[in-house]
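Notes follow the structure.
Values quoted throughout were computed directly from the atomic coordinates according to the rules given, and no laboratory measurement underlies them. Computed from a predicted structure; not experimentally measured. Neighbour counts run over all protein chains shown; Cβ positions are idealised from the backbone, glycine included.
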Amino acid sequence: MKIIKFSIKNGIVNLFKKIKYYRGVDVLKIYNIDSKEKESINGNTVNKVFKIYKIGSKGANVKEIQATLNKLGLYEGDIDGIFGVKTEDGIKKLQKLSKVLPTGVVDYYTSEVLEKFILGHDTSMDIVNTNIDYTYEIMKKNIKGLKIRYPFIEVGSIGKSILGKELYYIKLGNGENKVFYNGAHHAIEWITSLLLMKFVENYLKAYIKGEKILNYDVNEIWSKSSIYIVPMVNPDGVDLVIDGLKENNLYYYDLIKWNKGNTDFSKKWSANIRGVDLNHNYDASWAKGKMAEKEYGIYGPGPTRYSGIYPESEPETKAVADFTRKNDFKIVIAYHSQGEVIYWDYMNMASKRAKEIGELFSRLSGYELEEAHGMTSYSGYKDWFIEKFKRPGYTIEIGKGINPLPTTKFTKIYNDNIRILLEGAVLN
Ligand SMILES: [Zn+2]
């Protein structure tokens, strides 16, 4: 009779070998399992000396496990080196997130996962690719990938778009100083979403490795500030610009009418899916802006500048405004494209300090500091923020060229803005 030995560990390895990629993450890479190691496991010759940690274990290694779990946001007990039920619970959570059996025991594979976090995550493969047009679906996958790789980040939704897409937010850090960056109020300006998402990834990478970005100590900023990011305020509009108008769109015929019979939405469309320009839909001289619409030939929904039927009439603006009212943001930046310009004032309401910060941002980026005039100076997000909260709020127009800016412009845009994104979180 032949006895077949079955090992759960081998079973899990083989399962992951079969999956190989889970939600775009290279599973084998995370678990650091190569074929050579597998052979040695199959031959029952595991070279590595390995100790199991479980309830009752004690010592410095247990402290290290607790500290790592704590950093990942999976453990809130004392870092006391005693493996108790709280530590076990944290290990179970990590195992669930890592898609391994939630046994609560630090076995070989769990220790491999922990080690990745202890040593710094495998960064050989970036999650956010900056060379593809950034649709909602790609962003959604990226957010999931980041959450798998960095389980300690807070990810959520501030509301839904008209077509039911999530308005995702990501929170970086746990400090008291709250700041807020958002992108893609305007559909055609989706490159702003990419800027913010790449910033999120690089910031997390630096944090986990304990590295600086330029002269900014990310671990220090992490403990002092919380950076809230809503990378895509207008996902319905972004997808319309990038993917074109699909026949199953609820507003199919309306959209063609609002676009004056044109079925090409790739070059001019800024509004949301109901033809409302979200950055004209906030409650800051909204009525004045409404009166000015006719001068600009705006008589209803369309690609740009239509302010809607009342302030915050759109779920996207309502969600951003509610999120802002709920949080005590010290500073906000709304990212737009293009022009390489920073707008800092609204009806002479911005403070001297706000101007100084604007000047600093201008020096850090090489962008011009300007004041908006005419119709563009009403009912935008930063206008509303300045009027309502009497705090610094900025509209930053990234890049130069014709919208939508191609991703070939990305590297310069990123390099121009990285100092602003970091400085914004350390200002006081
Ligand atoms: Zn814009």
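Within 13 Å, Cβ to Cβ, of ALA60, how many net charges do the neighbouring residues add up to if Lys/Arg are +1 and Asp/Glu are -1? Net local charge, ALA60 excluded: +1. Determine the alpha carbon to alpha carbon distance for each of LYS165/LYS205; LYS96/LYS382; LYS99/LYS198; LYS99/LYS246; LYS144/LYS412; LYS144/LYS178 and list only those over 31 Å. Flagged as over cut-off: LYS96/LYS382; LYS99/LYS246. Other residues lying with their Cβ under 13 Å from the Cβ of ILE132 contribute a combined charge of -2, Lys and Arg counting +1, Asp and Glu -1.
For the chain, take the longest principal axis of its alpha carbons; what is the angle in degrees between that and the long axis of helix 352-365, to the nearest 10 within 0 to 90? Orientation of helix 352-365: about 60 degrees from the principal axis. So which aspartates and glutamates pass the test for LYS58, namely a Cα distance under 14 Å, with those fewer than 8 places away in the same chain ruled out? Answer for LYS58, where 14 Å is the Cα cut-off: ASP78, ASP80, GLU88, listed by chain and number.
Angle of helix 191-209 to the longest C-alpha principal axis of the chain, folded into 0 to 90 degrees and rounded to 10: 30°. For the stretch 331-345 and the stretch 248-285, what is the centre-to-centre distance using only Cα atoms, to the nearest Å? Here the two parts' Cα centres lie 22 Å apart.
Taking GluC sites (Glu not before Pro) across the stretch 207-278, the ones in a DSSP loop with at most 16 further Cβ atoms lying within 10 angstrom of their Cβ are GLU211, GLU247.
Considering only the chain, what is the antiparallel percent among its DSSP beta bridges, to the nearest 5? Beta bridges within the chain, antiparallel portion: roughly 45 percent. Here the simple spin-label model places points 7 Å from the Cα toward Cβ, and for THR411 and ASP133 these points are separated by 2.3 nm. Among the chymotrypsin sites (Phe, Trp or Tyr not before Pro) in the stretch 293-373, those located in a DSSP loop and surrounded by at most 14 other Cβ atoms within 10 Å of their own Cβ are TYR299.
Could you tell me whether the stretch 351-392 comes out rounded, prolate or oblate from its Cα gyration tensor? Rule is a ≥ b ≥ c as square roots of the eigenvalues, rounded for a/c under 1.5, then prolate if a/b exceeds b/c, otherwise oblate. Since a/c reaches 1.5 but b/c is at least a/b, the shape of the stretch 351-392 is classed as oblate. Close amide-amide hydrogen proximity is noted between GLY159 and LEU167, each under 5 Å apart and 5 or more residues distant or on a separate chain (H modeled in the peptide plane; Pro and chain starts excluded). Between GLY424, ASN70, GLY401, the Cα set farthest toward the positive side of the dipole of the chain (charges on each charged residue's Cβ, about the Cα centre) is that of ASN70. For the chain, the mean residue ellipticity at 222 nm estimated from helices alone is -12500 deg cm²/dmol, where every DSSP H run of n ≥ 4 contributes -39500 (n - 2.57) and the total is divided by all residues, rounded to the nearest 500. Rg and Dmax over the alpha-carbon atoms of the chain stand at 24.7, 91 Å.
Computed from point charges on the beta carbon alone (+1 for Lys and Arg, -1 for Asp and Glu), the dipole magnitude for the chain about its Cα centre is near 1480 Debye.
Across the stretch 289-304, rounded Karplus estimates of 3J(HN,Hα) from the backbone phi angles (6.51 cos²θ - 1.76 cosθ + 1.60, θ = phi - 60°) give x, 4, 4, 7, 4, 4, 4, 9, x, 9, 10, x, x, x, x, 7 Hz, Gly and Pro being marked x.
I need the shape label for the stretch 242-353. Rule: rounded when a/c is under 1.5, else prolate if a/b > b/c, else oblate, with a, b, c from the alpha carbon gyration tensor. Prolate, because a/c is 1.5 or more and a/b exceeds b/c.
Near ASP80: Cβ cut-off under 13 Å, other residues only, Lys/Arg at +1 and Asp/Glu at -1. The net charge is 0.
Is the C-alpha gyration tensor of the stretch 342-428 telling us rounded, prolate or oblate? Criteria: a/c under 1.5 is rounded; beyond that, a/b larger than b/c is prolate, otherwise oblate. Oblate, because a/c is 1.5 or more while a/b does not exceed b/c.
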